[in-house]
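In what follows, a structure is listed as C-alpha cells, so that the remarks can point back to it.
The values are calculated or read from the model by the stated rules, or taken from the named source; none is laboratory data. Everything numeric here is computed off the predicted structure, so don't read it as measured data. Positions of Cβ are backbone-derived with ideal geometry, glycine not excepted, and every protein chain shown enters the neighbour counts.
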Amino acid sequence: MKLFGREVRSQQAVARTEYDLQDKEFAKALGISLDGMSADKAKESTVYSCLKILSENVSKLPLKLHKSDGSGTSKESDHYLYNLLKLRPNPYMSSSTFWGIVELNRSYYGHAVIVIDYHQVGKDAGKIKSLIPLDMSKVETWIDDKGIISNEIHAVYFLYTDKNGKMYKFKSSEVLHFIGLTRDGFTPMPIKDYLGTLVANAQASQEYTNKFISSGMFSSGILKYVGDLDEGKQKKMQERMNRISGGISNAGKVMPLPVGFDWQSISTNMVDSDFVELNQLNIKQIAAAFGIKPHQLGDLERSTNSNIEHQNKSFYIDTLQPILTNYEQELTYKLLTSNEINQGYFFRFNVDVILRSDSKERAEYLTILVEKGVMTPAEARKQIDLPHLDGSDQLIVNGSYLSLADAVSGVNYDRTGSKGGDNE
C-alpha cells in the first residue's frame, strides 16, 4: 500500500536526498508527524508536561497478546502479531515511540487514527504488515448517514491529506480508532478546545513572569520633574530610564538621576497581586482535565512518602485504566480474527511497571500468594526474573489446613495427611 505516494530517496544517482532514521524530517517526508502537535498553545509548560506524562506512561507499558482458556491465561509469543506490537509496529518507529505518538494525539486532538497496512501478495497475504499513525491535524472524520459514498448507511470514513495535497480515504474497518471524550462514539471532544481559556491565562501568567524576571524584578514607577517636556523629550527620557534601570544586568545597581528629577517606585509584586495563587489554580485545573496528579507536576505541598504511592495507584485507576481499556478493546476487535477472538485471544498492557511497589512489599505479596496456594513457586520466581527450578511448579499449602466441610464434620488429619477419626 503506497499510503504516502512517493519514495523517500530519489532513484537518480546524482543530487539525491537522504534522511537519517532519527531525523524528524524523515518521518515528515512520509507524512508522519513525530511531534503530533504544532499549536502554539500546546507549548504552555503545564499542558506540555501533562501531555508528556501521559504519553510516556503509556509508551513504557509492554503490550502482550494473551490467550485465555479453561486452564488459565498464557502469553502467545508465537503469534506473528506478538513481536509486531511488542517491538516494531512499523519500520520507522519502535513500539515505545509508536504508543507515545498515539497517546499524544489522543490526548491533544481527542482521538488517534492508525492505518492498518496488510500484506497484499505472497504467503503472508492478508496478514497485518504494519500500523501507521496519522498526523491528526490533517485528518477529517466523515459519517455517511445518507449512503452517498457507498451503499452502507452511517458508514464512518477518515480522510487524510498528505503534505502534497493528496487525499486518502479509509473506512473505519481499515484503521484503529482510539477516541477520548465523545458524544456519539465517532466525533471527539478535543481537550485543546476545552482548555482554551485556561491555557491563555497560563500563557499570560508565564509571559508576565518572564518579563518581571527579565526586567531584574524592577517595578515600574513615576518619574517626577520640574518644568515641561514635549513628547519627543519625554520619549527620550523614558528610553534613557529603561536603559539605565531595566534588565537583569542593572538589577541592584544605583540609578543616577538628572538634577530636578525624582523617582517614585510603584510597588507591584506577585504576592500582592495574588499571582502565585491564581497561577497555581490554572495549573491544577489544567492537570485535572488531563487526570494528572499534583505530585507529578512537582507540587509536593500535600504529598508524603506514604500517600505518593497511593496517588500513583490512583493515577493508574482513574486516568490510565480507561485509556488502556480503550486501546485493548480496539486492538482485540480490529487486529484479531473472529476465530481467534472465539478461541480466547486478547491484547493486554502489562501494568506491573506502574503498580510495582518496593522490594519488601512485593516479596510479602508473592509469599502470601504462594503460601495460600494461589500461585506456584515457579510463577513467583518468574515475577522477579529468577530462573525456573525443577519441582517448583507445584501448588503448596499449609498442611494443617482443613476444608470447611471437614472442619464442620469434625474430621482431622494425621501427620501423613490421611483422615483420622472424629475429634473427641
Looking only at region 334-352, which residues are in contact with a strand residue (DSSP E or B) (Cβ under 8 Å, 6 or more places away or on another chain) and under 22 Å from V113 (Cα atoms)?
K334, L335, L336, F346, F347, R348, F349
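Okay, residues lined up against (1) within 26 Å of P190 (Cβ to Cβ); (2) of a type in the set (F, W, Y); (3) crowded, with 23+ Cβ neighbours inside 10 Å:
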{"position": "R106", "(1), (2), (3)": "yes, no, yes"}
{"position": "V113", "(1), (2), (3)": "yes, no, yes"}
{"position": "Y118", "(1), (2), (3)": "no, yes, no"}
{"position": "K123", "(1), (2), (3)": "no, no, no"}
{"position": "G126", "(1), (2), (3)": "no, no, no"}
{"position": "K129", "(1), (2), (3)": "no, no, no"}
{"position": "P133", "(1), (2), (3)": "yes, no, yes"}
{"position": "S137", "(1), (2), (3)": "yes, no, no"}
{"position": "W142", "(1), (2), (3)": "yes, yes, no"}
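I'd like to know if region 51-64 contains one or more residues that are more than 27 Å from V121 (Cβ to Cβ), surrounded by fewer than 16 Cβ atoms within 10 Å (Cβ to Cβ) and at pLDDT below 80.
Within region 51-64, none of the residues are more than 27 Å from V121 (Cβ to Cβ), surrounded by fewer than 16 Cβ atoms within 10 Å (Cβ to Cβ) and at pLDDT below 80.
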Do the conditions hold for S77, that is, is it among the hydroxyl-bearing types (S, T, Y), in the same structural domain as F346 (by TED's automatic domain parsing) and surrounded by 12 or more Cβ atoms within 10 Å (Cβ to Cβ)?
no
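Take the conditions of a type in the set (D, E) and modelled with pLDDT under 90 and apply them to E103. Does it pass?
Details: of a type in the set (D, E): yes; modelled with pLDDT under 90: no.
Here the answer is no, as E103 does not meet what is asked.
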Among the candidates S107, S59, S96, which residue alone is without any contact (Cβ under 8 Å) to a residue 40 or more places away in the chain, within 21 Å of Q329 (Cα to Cα) and assigned by TED's automatic domain parsing to the domain that holds I317?
S96
Residues that are under 30 Å from T182 (Cα atoms): list the strands (runs of 3 or more DSSP E) wholly contained in region 49-130 that include at least 3 such residues.
63-69, 111-118
Could you tell me whether any residue of region 396-406 is part of a loop (DSSP other than H, G, I, E, B), within 19 Å of K75 (Cα to Cα) and in contact (Cβ under 8 Å) with a residue 12 or more places away in the chain?
no
